[in-house]
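The structure's right below; bear with me while I get my questions together.
The values are calculated or read from the model by the stated rules, or taken from the named source; none is laboratory data. In this text the structure is predicted, and so the values were computed from the model without any measurement. Here the Cβ is made from the backbone with ideal geometry for all residues, glycine too, and neighbour counts use every protein chain on show.
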Amino acid sequence: MARNSKAGKQLHVISAGHVVFALTMIVLGIIGLVKGDFTPTWGGVYKSFPAQTALAYLCAVISLVSGIGMLWQTTALFASRMLLIYLWLWLLVFRVSYIFMHPIAPEAWWAFGDTAVMLAATWILYIWFADEQHTHFRFATGDTSLRIARILYGFALIPFGAAHFIFLKRSLEVIPGWMPWHLFWAYATGCFFIAAGIAIVTGIYARLAAALSVLMMVLFTVIVWIPIILAHPGAFDWLEFYDSCALMAGGWVVADSYRRIPWLSVVKY
């Protein structure tokens, strides 16, 4: 665990995943401010919801400020707490409520998983920062909270895997033409995500599963989305690319949380 803490105003680095996640939030914040619209992390706002433009700008500011704040010693705890609370509210107001209204809609569960990954990563970072400083919110820290955050990430992976089967046509469309056996890869990646989610939830080979889930997200970003946006820079494809980068960054933080655990061990919950 690398730290730079000689002075309160210095950069504060806990892990590579921490840096990637913070930088991703900064970039998403900048994109949100430039576009004046919601980035994928903050999607799912009801059409009837008032002041959507103002809310989109607020999300962008939260992303930008929290991303910057999490890189500095004196602000890391506050920034992660602010983002954690905001993500919890977003999950409950826009994601969980949508599932209650449309419990069999695949996109509702996908959207839940999207926010859950970012929430799990933020929660883990908050726990790490809280371990170094005094905080009045001890109920949200400690080993129990860490386990809950990891399990939340595991549950989030399952709808990602299911989406490969439910939206099979779209899965086949985005696989690069130079790759053979498109149907195999569409089914295989879906199975891999589901298996990784189950492994993390149950604690069986959880570290290996978390690392492999991030590797899959990295490969998706590099092999699938980057070539697509270079060849056909449509708005939807850019949103998919942003989403893939955010999920990759969030997963990286979760994978980092297992680094003291043997690769093939069983984590007891």
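I'm checking my understanding of the structure. Among residues of region 219-269 that are aliphatic (A, V, I, L, M) and not in a helix (DSSP H, G or I), which one is modelled with the lowest pLDDT?
V267
Can you find a residue in region 176-183 that is over 20 Å from L125 (Cβ atoms) and surrounded by 15 or more Cβ atoms within 10 Å (Cβ to Cβ)?
yes
Take the residues in region 38-75 that are closer than 21 Å to F112 by Cα, β-branched (V, I, T) and not in a helix (DSSP H, G or I), then tell me which one is modelled with the highest pLDDT.
Going through the qualifying residues, I end up with T39.
While we're on this one: Could you check how many residues of region 230-269 are over 12 Å from the mean Cα position of the chain (by Cα) and surrounded by 15 or more Cβ atoms within 10 Å (Cβ to Cβ)?
So the count comes out to 10.
If you don't mind, another one. Just a yes or no: is a residue in region 194-210 in a loop (DSSP other than H, G, I, E, B), of a type outside the set (A, V, I, L, M) and touching a helix residue (DSSP H, G or I) at 6+ places or on another chain (Cβ under 8 Å)?
Yes, that holds for at least one residue.
Given the condition surrounded by fewer than 21 Cβ atoms within 10 Å (Cβ to Cβ), of a type in the set (G, A, S) and under 20 Å from H12 (Cβ atoms), answer yes or no: does some residue in region 136-157 qualify?
Within region 136-157, one or more residues are surrounded by fewer than 21 Cβ atoms within 10 Å (Cβ to Cβ), of a type in the set (G, A, S) and under 20 Å from H12 (Cβ atoms).
On to the next question. Any idea how many residues of region 80-123 are of a type in the set (F, W, Y) and over 24 Å from V19 (Cβ atoms)?
Of the residues in region 80-123, 6 are of a type in the set (F, W, Y) and over 24 Å from V19 (Cβ atoms).
Mind checking whether some residue in region 113-131 is surrounded by fewer than 18 Cβ atoms within 10 Å (Cβ to Cβ), farther than 24 Å from C245 by Cα, out of contact with any His (no Cβ under 6 Å at 6 or more places or on another chain) and in contact (Cβ under 8 Å) with a residue 40 or more places away in the chain?
Looking for residues that are surrounded by fewer than 18 Cβ atoms within 10 Å (Cβ to Cβ), farther than 24 Å from C245 by Cα, out of contact with any His (no Cβ under 6 Å at 6 or more places or on another chain) and in contact (Cβ under 8 Å) with a residue 40 or more places away in the chain, one finds none in region 113-131, hence no.
Working carefully through the options F165, F78, F94, F160, find the one that is buried (at least 20 other Cβ atoms within 10 Å of the Cβ) and either in a helix (DSSP H, G or I) or aliphatic (A, V, I, L, M) (or both).
F160
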